[in-house]
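Read through the structure below, which is laid out as C-alpha cells, and then see the notes.
The values are calculated or read from the model by the stated rules, or taken from the named source; none is laboratory data. Quantities reported herein were computed from a predicted structural model and do not represent experimental measurements. Glycine gets a Cβ as well: all are built from the backbone with ideal geometry, and neighbour counts include every protein chain shown. Quick note on the areas: whole protein, heavy atoms, side chains included, nothing else; ligands and nucleic acids left out. Shrake-Rupley method; radii C 1.70, N 1.55, O 1.52, S 1.80 Å.
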Amino acid sequence: THYLATKKALRSVVFSQGYKTYNYDQFDLQLNQPHAVLAAIGVAPASLFASYKKAYEKRIQRNGLSLASIAPGRSPSIILLNSTAMIPTTSRETYTVEVECFDFRNKLAELKVFVNDVPYQEAGAGWTSLDTTSRIFEISVPLTTGNNRIKIYCINKLGVSSYKEMLNVYCTAKNQKQQTFFIGLGVNRYVDKTNNLTYSVKDIRDLARSFKKLYPDIIIDTLMNEKVTLKNIILLKERMKRIKVTDKVIMAVTGHGLLSDSLDFYYATYDVDFKDPVKKGLKYEDLENMLSATAARQRLLLIDACHSGLLDKASSSKDTMAGIAKVKNGRGLGGVLSEASEANSFSLMQNLFADFSNDKGIVVIAAAGGLEY
C-alpha cells in the first residue's frame, strides 16, 4: 500500500502498530510513493509518472539511502525502558530517559536525540560510531519552559533508522532567562574592488536596529567589510558557543554568494578569490555549523546572496556546470544558465516530501534558488 499526500495533509496522518501510534514520518520513506499511486490509477501520462518516480528516487538519495535499505524488516529497534516512571509535567530543568537500541542483522551506528526538532548531543556520551548490536543509553535531556517534544531513535550501519520514540514533557521551571542574539555578516567592499556592492552592510545595520526595537536587551555581534575573514569568523563562532539552550539566535548574511566548480555554495568573504571561492570563502555547511555550535533551540538563518537556496547537484549537466563556471562571480554579474534537465523532478521532490531540509533545527530563509541570482 502506498499513498500520495500534501505536506499539510501528512500532519493529520497517524499510524498504529500494536498498542502504539506513530507519526507519519516513521513510515513515510517506504509508503509515500506518488508514482506508485499514479501507476495504480493508470491514467497519468508516462512523462508525469517518470517525473514523480524520479522525485521519489531523489528523495531516497538525499537521505543517503537506497531502495533496498528501506525495505520492511531492515530497520533497527528502540525500546523506552523507563516509560512507566515518566511524568508528563515537571519543574526540573532536566529529564532522564532510558532507552535500549538493538539490531541483530546489522550493527548500530548512531543514536539521535532531538528536542523540539533541534538535535541534542550529550558531551562524552559516545552516541556516534557505536559499532555494536545492542546498547542501553541513559539520556539527561535539558528542558526549556513550556512543551519539550523529545524524539529519540537509532541508526544502523546501512543508514536505516529505527521507529522514533516520542514523548512530550511540559516544563514548569520558573525564572529561565532567555537572551536574544543577532549575528550579522555583511560585505560591501572586497579586496577585488570590481565586485564591490552598495547595500549589504546597510542591510545588516538596518536589521540590527529593527531587532533592537523588538528585543531591547538583544546582544548584537557583527562583522563588516574587511572584518569578514575566515580568521575572524572562527573567533565569532567561539563567541557564539556561549549561547544557551534557552536563548534564541538570529543570523543574517549579506553579500556575494558564489558557486565552486563542484557547485557548492560559498559566502564571499572580504578577501575571497572570486574565481575560486574555495580559497577563503565560507562554505554553506560552515554557516550552518556556526549556528549548530550553539545550544539554542530557536535558530534563524537569513541569507541575502545569490545561489543560496537548494541546488540539485546530482542532476546538473556538464553544460550547466560550464555555464556556471563562466558567470559564478555572483550577485549582479549577469550571465545565462541552462536549465538542469531534471529540474522538474527536483522541484517535485521539494513540494511533495517534507524531509529534504537540514536536520540541524535551523530555519533557513534564502533570497535565491541554487541557480538563481
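With a simple spin-label model that places each label point 7 Å from the Cα along the Cα-to-Cβ direction, the separation between GLU372 and SER347 comes to 1.1 nm.
Report the full-extension gain for the segment LYS202 to LYS360: residue separation times 0.36 nm, less the Cα-Cα distance, to one decimal in nm.
Working: separation 158, 0.36 × 158 = 56.88 nm, distance 2.92 nm.
Extending this stretch completely gives an extra 54.0 nm.
Under a straight-distance cross-link criterion of Cα-Cα below 17 Å, which aspartates and glutamates are reachable from LYS53, leaving out those fewer than 8 residues away in the same chain? Partners within reach: ASP28, ASP312, GLU342, ASP355.
Which pairs in the list LYS174/LYS244; LYS8/LYS112; LYS157/LYS283 are over 19 Å apart, alpha-carbon to alpha-carbon?
From LYS174/LYS244; LYS8/LYS112; LYS157/LYS283, over 19 Å: LYS8/LYS112; LYS157/LYS283.
By the rule of a second cysteine Cβ within less than 4.7 angstrom, the chain holds isolated cysteines at CYS171, CYS306. Dividing the summed -39500 (n - 2.57) terms of all DSSP H runs of n ≥ 4 by the residue count of the chain sets its mean residue ellipticity at 222 nm at -7000 deg cm²/dmol. Each residue of the range 90-100 was assigned a 3J(HN,Hα) from its phi angle through the Karplus expression (A = 6.51, B = -1.76, C = 1.60, θ = phi - 60°), giving 8, 9, 6, 9, 9, 9, 9, 10, 10, 10, 10 Hz with x at Gly and Pro. Applying a DSSP loop filter and a limit of 10 other Cβ atoms within 10 Å to the trypsin sites (Lys or Arg not before Pro) in the range 176-224 leaves LYS177. If you plug the beta carbon distance of LEU300 and ASN175 into 1/(1 + (r/R0)^6) with R0 = 22 Å, you get a FRET efficiency near 0.30. Spatial offset of the range 208-230 relative to the range 150-176 amounts to 33 Å, using the alpha carbon center of each. Let me know the shape class of the chain, please: from the alpha-carbon gyration tensor, a ≥ b ≥ c as square roots of the eigenvalues, rounded when a/c is under 1.5, otherwise prolate if a/b is greater than b/c, or oblate. The shape class here is oblate.
Carbon and sulfur: what percent of the chain's accessible surface (1.4 Å probe)? Taking all protein chains in place, the chain shows 52 percent carbon and sulfur surface. Residues in the chain average 51 Å² of solvent-accessible surface per residue, probe 1.4 Å, ligands and nucleic acids excluded. Do the alpha carbons of any pairs in LYS193/LYS231; LYS164/LYS241; LYS7/LYS54 sit beyond 25 Å of each other, and which pairs? Exceeds cut-off: LYS164/LYS241. Here each label is just a point 7 Å from Cα along the line to Cβ, and for TYR3 and LEU48 those points are 2.1 nm apart.
Counting only the heavy atoms of the protein chains, how much of ILE87 is accessible to a 1.4 Å probe, in Å² to the nearest 10? Answer for ILE87: close to 90 Å² accessible. In this rough spin-label picture, where each label sits 7 Å from Cα along the Cβ direction, the ARG239-PHE15 distance is 4.7 nm.
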